[in-house]
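Trainee: Okay, here's the structure, questions in a sec.
The values are calculated or read from the model by the stated rules, or taken from the named source; none is laboratory data. Keep in mind the model is a prediction, meaning the values are calculated, not measured. Virtual Cβ from ideal backbone geometry, glycine too; neighbours counted across all protein chains shown. Calculation scope for accessible area: heavy atoms of the full protein, side chains included, ligands and nucleic acids excluded. Shrake-Rupley method; radii C 1.70, N 1.55, O 1.52, S 1.80 Å.
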Amino acid sequence: MNSILQCLSHNPDLVYYYISEDYKRDVSSKRTKKGIVKPGALSSNLSLILKKLWLEDNKIVNPIELKYAINDLMHEFSGNGQYDATEFLFKFLDSLHEEVKSEKIDELNKKMIYAYPKTENETDISASKRFWDFFIKHNNSVITKLFYGQIRNTMKCLACAYTQTTFEVFS
């Protein structure tokens, strides 16, 4: 957790978003698995840590409140054991994204987001833009703006030369 927080604290756009408290306008209520409503628990605690790191002279930061929020929301990282940093990063960013994203997505549309085919007479640029706009409409947050991108996949049948192009999101 320490390594990931140090890395994230050096992303200027992310730091500004949380230090300026812009996140507060985007936070939505998040229900934990224990049924406790904690609107923006991760975001508010991350904001406090970033303020201590960048705005105060004392550089000793104890992220215990953030750790408690992580325990509530991400049970697989509760306790004081050693965990994979990359796995923690993805889960942490995903949880932050869920707190601040502007529109919720239903399960039916969720499947369409991850592989979206290009139509027959459409340019790659047009299809890419159409896909990305659809994805952002349902997943707009500072996290997607800073940590997400798009991949174009093209598959070609060697027998009939049929080509299919799809666009996928990566983080």
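Trainee: Just order 134-141, 60-67 by mean Cβ neighbour count inside 10 Å, highest at the front, would you?
Mentor: Put in order of decreasing packing, that is 134-141, 60-67.
Trainee: Could I ask something else about it? Go ahead and run the numbers for FRET between E168 and D26, Cβ-Cβ distance against an R0 of 22 Å, rounding to 0.05.
Mentor: 0.30
Trainee: Once label points are set 7 Å from the Cα along Cα→Cβ at both R152 and I4, what is their separation, rounded to one decimal in nm?
Mentor: About 3.3 nm, to one decimal.
Trainee: Let me ask something additional. Under a point spin-label approximation (7 Å from Cα along Cα-to-Cβ), what is the E87-A161 distance to one decimal in nm?
Mentor: For E87 paired with A161, the spin-label model returns 4.8 nm.
Trainee: Continuing with this model, one more query. Order the peptides 17-24, 124-131 from the highest to the lowest mean number of other Cβ atoms within 10 Å of their residues.
Mentor: 17-24, 124-131
Trainee: Order the following by accessible area, largest value first: T166, T123, T144. Probe radius 1.4 Å; ligands, DNA and RNA are ignored.
Mentor: Accessible-area ranking of T166, T123, T144, largest first: T123, T166, T144.
Trainee: How far apart, in nm, are the 7 Å Cα→Cβ label points at S78 and D13?
Mentor: Result for the modelled spin labels: 3.5 nm.
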